[in-house]
Amino acid sequence: MDHFTEDELLASLKGRWAGKHCRVLEETDSTNIRCRKLAEEGWPEGTLVVAECQNAGKGRRGRTWISPPGTGIWMSILLRPDCTPDRASMLTLVAALAVEKGIREVTGQETQIKWPNDLVLNRKKICGILTEMKSKANQVEYVVAGIGINANLTEFPEELKESATSLLLETGKPVNRTAVAAAVMEALEEYYEKFQRTWDLSGVLEEYNSRLVSLKGQVRVLDPKGEFEGRCLGIAPGGELMVLKEDGTVAMVLSGEVSVRGIYGYV
């Protein structure tokens, strides 16, 4: 089993700033919590926190994230974008692109993005992303992007077996977690810098949509105002999911859970 070390991680990084300041922890409550603490202490943009094990990892909407020791890539990166909070929310999508590219370059596996914050492989969840932000006076102070990749997990709890998988289970061989983490950091620099040019996703729109699992498929939008179904047209430059409804209008979905019917088994 490979083991994260700061020296090996730093030696593997090929970019200029993402991950160049890093903390590798044997065990922590949550890498997002640790990374937020470093942000408050003034650590620079690109600071990376990696943990062998999380005992309080969490996903979107307060869900628990299963993160046993030595098996996954549980990491959080600190970003300090000079933009308004509504723009910073797009960084979840930027991170998803980086994870897709990093996994593909190291393993050859073609994952797909489930808008807004998951990646799937062979119709099962392989990665979740949780971004958290602190802002003041309509200006972002910092964003922490938490990334959890199921790398070398060999089993899942009964309730997740039908909806989650790992790179090891899909390829039949363990992956080098340090190499994947470093590749994701390099890709993140590329996509983040494209995002900074316009403070939207116009520079990565075509690439993102080509990786979108639901593109041109039927989706069900679970909206508190009422569920509806339609055909996914991809994302807009602002990160909204565009859904063509049965009445011919296009809904711009800002948030909420999107269930992709007939693609894979989790909502």
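Readers should treat all values here as calculations from the given coordinates under stated rules, not as data from a laboratory. Remember, predicted model here, so these are calculated numbers, not experimental data. Virtual Cβ from ideal backbone geometry, glycine too; neighbours counted across all protein chains shown.
Here are the numbers for this structure:
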{"quantity": "In Hz, Karplus ³J(HN,Hα) per residue of the stretch 35-42 (6.51, -1.76, 1.60; θ = phi - 60°; x = Gly, Pro)", "calculated": "5, 5, 5, 5, 4, 5, 7, x"}
{"quantity": "Vicinal HN-Hα couplings computed from phi for the stretch 177-191 (Karplus, 6.51 cos²θ - 1.76 cosθ + 1.60; Hz; Gly/Pro x)", "calculated": "5, 4, 5, 5, 4, 5, 5, 5, 4, 5, 5, 4, 4, 4, 6"}
{"quantity": "Helix-derived mean residue ellipticity, 222 nm - over the chain, DSSP H n ≥ 4, -39500 (n - 2.57), to 500", "calculated": "-8000 deg cm²/dmol"}
{"quantity": "Choice from P157, P68, P237 with maximal GNM fluctuation in the chain (Cα, 10 Å cutoff)", "calculated": "P157"}
{"quantity": "Dipole magnitude of the stretch 6-199 about its Cα centre (Cβ charges: Lys, Arg +1; Asp, Glu -1), debye to nearest 20", "calculated": "500"}
{"quantity": "Cα principal axis extents for the chain, largest first, Å", "calculated": "57, 46, 30"}
{"quantity": "All lysines inside 28 Å of K20 as judged from Cα atoms, apart from same-chain residues fewer than 8 positions distant", "calculated": "K37, K58, K101, K134, K136, K194"}
{"quantity": "Residue-by-residue Karplus 3J(HN,Hα) for the stretch 11-24, coefficients 6.51, -1.76, 1.60, Hz, glycine and proline x", "calculated": "5, 8, 6, 10, x, 9, 9, 6, x, 5, 10, 9, 10, 10"}
{"quantity": "P(r), alpha carbons of the stretch 210-260 - 10 Å bins starting at zero, rounded %", "calculated": "28, 63, 9"}
{"quantity": "Loop sites in the stretch 184-218: trypsin sites (Lys or Arg not before Pro), DSSP, at most 14 other Cβ within 10 Å", "calculated": "K216"}
{"quantity": "Lys/Arg +1, Asp/Glu -1 at C-beta; the chain dipole; positive extreme among L153, G128, V180", "calculated": "G128"}
